1. Taking the conditions exactly as written (among the small types (Gly, Ala, Ser), open to solvent by 50 Å² or more (accessible area, probe 1.4 Å) and out of contact with any strand residue (DSSP E or B) (no Cβ under 9 Å at 6 or more places or on another chain)), does ALA116 satisfy them or not?
2. Within region 21-73, track down each residue that is over 29 Å from ARG85 (Cα atoms) and either in contact with a strand residue (DSSP E or B) (Cβ under 6 Å, 6 or more places away or on another chain) or not in a helix (DSSP H, G or I) (or both).
3. So which of ILE136, ILE128, ILE162 ends up being more than 30 Å from ARG67 (Cβ to Cβ), modelled with pLDDT of 85 or more and open to solvent by 60 Å² or more (accessible area, probe 1.4 Å)?
4. For the condition in contact with a Leu (Cβ under 8 Å, 6 or more places away or on another chain) and at pLDDT 80 or above, what is the one hit in PHE70, PHE115?
5. Among the listed residues ILE56, ILE43, identify the single one that is β-branched (Val, Ile, Thr), in contact (Cβ under 8 Å) with a residue 40 or more places away in the chain and touching a Gly at 6+ places or on another chain (Cβ under 6 Å).
6. Name the residue that is nearest to the chain's Cα centre (by Cα), counting only residues in region 1-58 that are crowded, with 21+ Cβ neighbours inside 10 Å, small (Gly, Ala, Ser) and at pLDDT 90 or above.
7. Just give me the residues in region 81-100 being within 12 Å of MET130 (Cα to Cα) and surrounded by fewer than 15 Cβ atoms within 10 Å (Cβ to Cβ), in sequence order.
Amino acid sequence: MVLYMTVAVLAALENLFPPIPADTAVALGAFLSNTGTVSALGIFGVTWTANVTSAIGVYLAARTFGRDFFRGRLGVRLLKPKSLRRLERLYERYGTWGIFLSRFVPGVRAVVPPFAGIAGLGSARALIPMAVASGIWYGALTFIAAKLLLRLDDVAALLLEINRVGLIALAAVLVGVAAWLLWVRGRRGSAGET
């Protein structure tokens with residue numbers, strides 16, 4: 001129970017203080033699921049729930065109070081009006097996909113909810129991609145730590161085989177391109193002789 005609570009608190013605090021090592025705690029918790037002390041699904045559940053809940057809270061607080069704060073003396077020093085307008089344009093331009101992709105970048109993911117709230121993005125447009133990206137991120141992290149770390153030899157062998165196949169495919173493409181270039185050059189040369 002203590003491990004679940006620790007992981008949940010760290011996952012929630014990550015949205016308030018980005019240097020919090022939530023990913024490390026999640027990975028450790030998932031890895032420890034192999035001892036039977038906790039379940040990997042439980043670790044994922046508390047992580048995802050806590051992270052999304054705190055992201056929603058930060059988003060709502062920023063949407064409610066953020067604009068006024070950044071119009072005040074301290075806020076203007078932290079985020080200039082010009083920067084705020086640029087941020088709004090970025091959210092308008094990249095919107096849902098920008099939010100979704102940004103949530104995969106540690107450190108950056110913590111600033112997505114408040115800036116989406118400050119920019120005035122609608123709840124569905126901001127929160128759904130945040131929740132989905134967090135689910136994918138923490139689901140993958142939990143799975144890798146719980147399953148793949150125990151089978152590193154198998155994973156390394158699979159990656160070696162994938163690389164081998166990729167190199168063969170790349171070589172085939174390069175040979176094909178070289179043959180095509182030689183053929184084109186030959187046709188141009190024979191066309192110039194006539």
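The values are calculated or read from the model by the stated rules, or taken from the named source; none is laboratory data. Computed from a predicted structure; not experimentally measured. Because the Cβ atoms are built from the backbone with ideal geometry, glycine has one as well, and the counts that use them run over all protein chains shown. We work out accessible area using only protein heavy atoms, side chains counted, and drop any ligands, DNA or RNA first. Shrake-Rupley method; radii C 1.70, N 1.55, O 1.52, S 1.80 Å.
1. In short, no.
2. Those that are over 29 Å from ARG85 (Cα atoms) and either in contact with a strand residue (DSSP E or B) (Cβ under 6 Å, 6 or more places away or on another chain) or not in a helix (DSSP H, G or I) (or both): PRO21, GLY36, THR37, VAL38, SER39.
3. After applying the criteria, what remains is ILE136.
4. Just one listed residue meets the conditions, PHE115.
5. Going through ILE56, ILE43 in turn, just one is β-branched (Val, Ile, Thr), in contact (Cβ under 8 Å) with a residue 40 or more places away in the chain and touching a Gly at 6+ places or on another chain (Cβ under 6 Å): ILE43.
6. ALA55
7. If the condition is that a residue be within 12 Å of MET130 (Cα to Cα) and surrounded by fewer than 15 Cβ atoms within 10 Å (Cβ to Cβ), then TRP97 is the only one that fits.
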